[in-house]
Amino acid sequence: MGSSPLPQNTTLGGRASRREFLSQGWYFANEQTLLFGILLAITGNIFISISLNLQKYSHLRLTQQVIQKPCYRSKLWWCGIIFMGIGEIGNFAAYGFAPVMVVAPLGSVAVIGGAIIAVLFLKEHFSSQSILGGTVMLVGMFLLVTFAPHIIQKVTARTIQTDLVSWQFLIYMIVEIVAFCILLYFYKRKEAKHIVVLLTMVALLASLTIISVKAVAAMLTFSVKGNMQLTYPIFYLMLILMTSTCIFQVKFLNQAMEIYGSAQVIPLNYVLSTLSSILAGAMFYHEFQGAGFLSSFMSLFGCSLTFIGVSIISQNRSKEHLTTFYIDCEHIPGKKKSSAIQPDSNNPSYGSLYKESISLKTPTKE
C-alpha cells in the first residue's frame, strides 16, 4: 500500500506519530524545546496573575485615600505593570518554542493563581465550589495541551509574507477589524464600558498579538541559529504590531480592573483571549491542518472544560460580592441617637431592612 505525502504542517508525523506520542508521553521528538516553552508559559502566567491582583489592590488603596491620586502615581500599581511585562515576556518567549495551541490554554494558570492570590492577600473567600471549578479547569487544560496538534513548522519571514496574503487570513482580518471598530465606536461615543465590551476589544487585540509574537519569536530563534531573518521588513512590521497591540491591551485591561473585580476580569479575559488565540493559530499558522478527528475533538472538549471551570469559579465568587450587610441608620453601633436622621419620618429605615430596624427599636432590659 502506497503512502500519501504528508502535508506541510504535519502533526507529529500523522496518526502513527499520534499513537507513539500518547504511548511515550509528553515530550516526544522536541521534548526539551516543548518543555521549555511550557515552563516559560506557566511562569509568565503566574507573574500575570500577581500583576492583576497588585493593580486591583492598588486601586482599592487609592479609593480609600482622602485626596484622590491617579493610579500611575502609585508605586504598587507600577509594580503590577512591571510584573505584567515580565509575564508577557515569558509568554512571548514561549511562543518561540511551542505552538499556540499549547501555550494559549496555559493561561488558566493565571486564573487559578489569581484566585489563590486573591484569597491570601485580598481576603476573598475560596469555597469548595471554587475548588471544583479549578479541578475541572486543570483537567481541561491537560486534555487540551495533550491532544492539541503539535505542529512541526518553520515560521520564517517568507512563510509569514505568504500567509499574510492568504484569502482565509484576509477574510479573518476584515471581520476582526469591523468588529473592533464597532466596539470602539460604542466605547468612545456611547461610553459603553461594560466588561464584555472592554475584554472583547482586549481579545481582538490579543489575536493580532499572538500572530505577531509568534512571528517575531520564531524569526529571532532562526536568526540566533544562523538563518538571519532580521533583514526582512516583515520582522519590523510584526514587531511594531506586537508592541502597539500590547499597549492597547494593557490600557483596556487596566480600565476593566478599575471598574470590575479581579474575580470577573481574569476568568472572562482568559476565555475570550484563549478563543481568539486558538482561532488566530488555526487561521494564520494552520495548526489544525493534518490533525485527526480524535485530536481535534479532544482539544475542543478540553477547551470546553477549561471554560466550564472558569465559569464555576467566576459565578461562585461573584455571588459572594452580592452579599450585603444592612445597618439601621438609627442603630449604628457605638452611637447614640440625638435627632431624627431619616429623610422620611414615617419610615425609620433608610437603606436597611425595615422589619429588622423595627425589631431593633425595642429596648432590651438588662
| Of all the helices (runs of 4 or more DSSP H) wholly in the stretch 75-175, which have at least 1 residues that are touching a Cys at 6+ places or on another chain (Cβ under 9 Å)? | 75-95, 128-147
| remark: Checked pairs for the stretch 78-106, first under 25 Å from Met283 (Cβ atoms), second of a type in the set (Asp, Glu) and open to solvent by less than 10 Å² (accessible area, probe 1.4 Å), C-beta under 7 Å and 6 or more apart or across chains, list as Pro99/Glu287; Val100/Glu287; Met101/Glu287
| query | Got a sec? Which of Ala98, Ala104 is open to solvent by less than 30 Å² (accessible area, probe 1.4 Å) and modelled with pLDDT under 80? | reply | Ala98
| task | Confirm whether Phe47 is open to solvent by 10 Å² or more (accessible area, probe 1.4 Å) and either over 14 Å from the mean Cα position of the chain (by Cα) or more than 24 Å from Gly309 (Cα to Cα) (or both). | result | no
| Qualifying residue in the stretch 59-74 (condition: closer than 25 Å to Ile247 by Cβ and either among the small types (Gly, Ala, Ser) or modelled with pLDDT of 80 or more (or both)) | yes
| query | Among the residues of the stretch 283-295 satisfying the criterion of being open to solvent by 30 Å² or more (accessible area, probe 1.4 Å) and in a helix (DSSP H, G or I), which is nearest to Thr135 (Cα to Cα)? | reply | Leu294
| Single match in Phe222, Phe180, Phe169 (criterion: open to solvent by 30 Å² or more (accessible area, probe 1.4 Å) and either at pLDDT below 90 or over 26 Å from Ile259 (Cβ atoms) (or both)) | Phe222
| Which one of the conditions (1) modelled with pLDDT under 80; (2) open to solvent by less than 30 Å² (accessible area, probe 1.4 Å); (3) within 22 Å of Val216 (Cα to Cα) does Ala118 fail to meet, given that it meets all the rest? | (3)
| said: Condition check: open to solvent by 40 Å² or more (accessible area, probe 1.4 Å), touching a helix residue (DSSP H, G or I) at 6+ places or on another chain (Cβ under 6 Å), modelled with pLDDT under 80 and within 30 Å of Ala148 (Cβ to Cβ). Does Phe83 satisfy that? | reply: no
| field | Residue under evaluation Ala203, criteria (1) under 29 Å from Ser244 (Cα atoms); (2) open to solvent by 70 Å² or more (accessible area, probe 1.4 Å); (3) within 17 Å of the chain's Cα centre (by Cα), criterion not met | value | (2)
| Restricting the search to the stretch 225-251, which residues are open to solvent by 50 Å² or more (accessible area, probe 1.4 Å) and free of Cβ contacts under 8 Å to residues at least 24 places away in the same chain? | Lys225, Gly226, Met228, Leu230, Thr231, Pro233, Tyr236, Leu237, Ile240, Thr243, Ile247, Lys251
| task | Looking only at the stretch 8-25, decide whether some residue is of a type in the set (Phe, Trp, Tyr) and either modelled with pLDDT of 70 or more or on the phi > 0 side of the Ramachandran plot (or both). | result | no
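The values are calculated or read from the model by the stated rules, or taken from the named source; none is laboratory data. Since this is a predicted model, take the numbers as computed values, not measurements. Every residue, glycine among them, receives a Cβ derived from its backbone with ideal geometry; neighbour counts consider all protein chains shown. Just so you know, the surface numbers come from the protein's heavy atoms only, side chains and all, with ligands and any DNA or RNA stripped out. Shrake-Rupley method; radii C 1.70, N 1.55, O 1.52, S 1.80 Å.
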